[in-house]
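Below: one structure, written as C-alpha cells.
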Amino acid sequence: MQVNTLILGAGITGLSTAYHLETLGITDYLLLEKDAAPGGLCKSEHRQGFTFDHSGHLLHLHTPYALETFKTLLGSNLHCLTRRAVLYTQGVQMPFPFQAHLGYLPPEIRQECLDEARRAPALPPNPSFKDWCLSAFGKGVYKYFLRPYNTKLWGVDPADMTAEWCGEFIPRPNLEQMQASTHPQEKTGLGYNAHFYYPLKGGCQALTDALAAHVQNLRLNTPVTRLDLASRTAWAGNTPITFKHLVSTLPLPALLKLTGVEALHKLAKQLSCTGINVLNIAAKKPFNGFHWAYFPDRQEPFFRVGVQSSFSPYVAPEGTSSFYVELPSSFAQTPQGAQQVLSRLAQKGIIEEKDVLFYFWQTLPYAYVVYRPQRAQTVLQAQTLLKQYGILLAGRYGRWEYSFIERGFLQGKEAAAALQKEQE
C-alpha cells in the first residue's frame, strides 16, 4: 500500500487529524488503530446497565472552535456541569482547591499554612516542581497537600520533576486570597476545570464515535509492528505501507522503539511515565456528594475517586451510582486489594460495602508523563530527528506531555493544517 499521509492511533488526536483532513478535502490518508474500536484511552465500557470510561475523561473546553465543533458533533448529547470537587485530608472534608480553603483545616495546620505562605521564597531559575510549589504557596501547603498528593499521582517526588507543566493546571490564589480563606466558605470558579462538559449518553465514547463517523479511511485491529525511516515504510503485520507523511499519536517511547534506530531507542529510555490501576464500582444507592475527590493522606491507597454517575443521569440505572477509583500501578489488582479500597471508602461514608453490586479493574499503562529534567530536551531531539523523515508528533502521548482532550483535538487540527501546507 502507498498513502500520502499515515496516521497512527485513533484516539482523540488521531481522529481529529483525519477529521480535519476530510474537512480540508484531503482524502489520501490512512488511520490505523490497534484496538477493535476507536478512542484510545477515551473509551467506554457498558456493563449491566452502567457505562464506565477508562478513568475520568471530561471535556474542558476553552476555545470557541472546540466548543462549537463538539456541540456540532454531539448536538443535544452534550451538557455542561459546574465542578463539585473536594479533598479528604487531616480528618476533614474540604472543597478543592486546598490552597483556597484553608479555613476548613484544623486551626494549627491552617495557621502553619498561612505563616509559611508569608515566608514563601522567590522562584529560582530552572525550578523543580517542588521549587514552584514552595514559591507559590509556601512550605505548609506543600507539606500537607501538594507533596503527598503529587507523589502518589506521579510516583516520584516533586523535587525530581520540572515545573514546566504545572502553571495552568494548579489553581494559584495569591497571598491575600489565601489569607481571606481562613473562614470555611467555598470559593468557586478557580482552575481550568471549574466548568466542564460531558456527553449525556454513551460516556466519553460518544465523542470518539461521533468523530469516527466523519473519518472514511480508518482501519481497526491493525497494530504497526515496525517502522523503517529510510524507506518511509510502516509494517502492519506483514503488510508494508509506504507514506510521504506520518502523524504519530502513539506513546512516544513506543514509536521510537518501532524504528530500529539505536539513537532513537536511547531517547526512548530517557522518557518515563506512570501508569495507574482503576477500580470501577457499581453501587445500588445514589451518591451526589461530589464529582471527584482528592486523597493526599498516606493511609489512603488511592489518590482520586470520581463519581461516574454524577456526570450524567444516563450512565447508571436510576437509584444507583458508579465510581472510578484511581490507584498507583503498584497497587495489587486482587480481591484483597479491592476489599482494602472498599473498606477505606466505607470509612469515608462514600460507599457502604453491602451496597456494592459489582466491581472490575482496568489498567492504564500510560497515564501521566513524568516531567523529569531531561524530558523537554529528549522530546525536542526526537521531534527534530523524526521530522527529517516526514513524521509529525501530536497528542498527549505523541508529544509526551501533560494535557487534556481539547488540546489533543486542536493538535490534530494543527497537524492537518501543516499537512495541507506541505501539499500546496
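Values in this text are rule-based calculations from the coordinates and carry no lab data. These numbers were taken from a predicted model, which means no experiment stands behind them. So basically every Cβ, Gly included, is an ideal-geometry build from the backbone, and we count neighbours across all protein chains shown.
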Next item on the list: Among Val379, Val325, rank each residue by its count of other Cβ atoms within 10 Å, from fewest to most, as a rough exposure measure.
Entry: Val379, Val325
Notebook entry, point to check: So how many Å³ per residue does the convex hull of the Cα atoms of segment 224-360 work out to?
Noted result: 177
Notebook entry, point to check: Among 117-124, 239-246, 393-400, how do they line up from the highest to the lowest mean number of other beta-carbon atoms within 10 Å?
Noted result: 393-400, 239-246, 117-124
Next item on the list: Determine the equivalent ellipsoid of segment 1-130 by diagonalising the alpha-carbon gyration tensor, then write out the semi-axes as square roots of 5 times the eigenvalues, largest first, rounded to whole Å.
Entry: 43, 22, 16
Item checked: Cα-Cα P(r), segment 286-411, percent of pairs per 5 Å interval -> 2, 8, 15, 16, 16, 12, 10, 8, 7, 4, 2, 0
Next item on the list: Return the distance in nm (one decimal) between the two label points of a simple spin-label model at Ile26 and Glu353, each offset 7 Å from Cα along Cα→Cβ.
Entry: 5.7
Next item on the list: Pairs of Cα atoms under 8 Å, at least six residues apart: use those to get the relative contact order of segment 274-369, whole percent.
Entry: 45
Check: At a Förster radius of 45 Å, what calculated FRET efficiency corresponds to the Cβ-Cβ distance of Lys421 and Glu262, to the nearest 0.05?
Finding: 0.90
Check: Given 20 Å bins starting at zero, what is the percent of C-alpha pairs of the chain in each, up to the one with the largest pair distance?
Finding: 25, 55, 20, 0
Next item on the list: Output the peptides 247-253, 332-338, 188-194 sorted from most to least packed, where packing is the average of other Cβ atoms within 10 Å over each peptide's residues.
Entry: 247-253, 188-194, 332-338
Note to self: Taking every DSSP beta bridge with both residues inside the chain, roughly what % is antiparallel (nearest 5)?
What the structure shows: 70
Next item on the list: Measure off 7 Å from each Cα along the Cα-to-Cβ vector at Ala180 and Asn217, then give the distance between these two points in nanometres to one decimal.
Entry: 5.5
Margin query: Under a crude label model (7 Å from the Cα following the beta-carbon direction), how far is Ala36 from Ala194 in nanometres?
Written below: 4.4
Notebook entry, point to check: Among Lys348, Lys421, what is the fewest-to-most ranking by other Cβ atoms within 10 Å?
Noted result: Lys421, Lys348
Check: When only C-alpha pairs under 8 Å and at least 6 residues apart count, what is the relative contact order of the chain, in percent?
Finding: 25
Next item on the list: Of the listed pairs Lys201/Lys285; Lys201/Lys244; Lys71/Lys244; Lys43/Lys421; Lys143/Lys187, which have alpha-carbon separations greater than 30 Å here?
Entry: Lys201/Lys244; Lys71/Lys244; Lys43/Lys421
Note to self: How long are the semi-axes of the equivalent ellipsoid of segment 154-256, taking √(5λ) for every eigenvalue λ of the Cα gyration tensor, in whole Å from largest down?
What the structure shows: 44, 23, 11
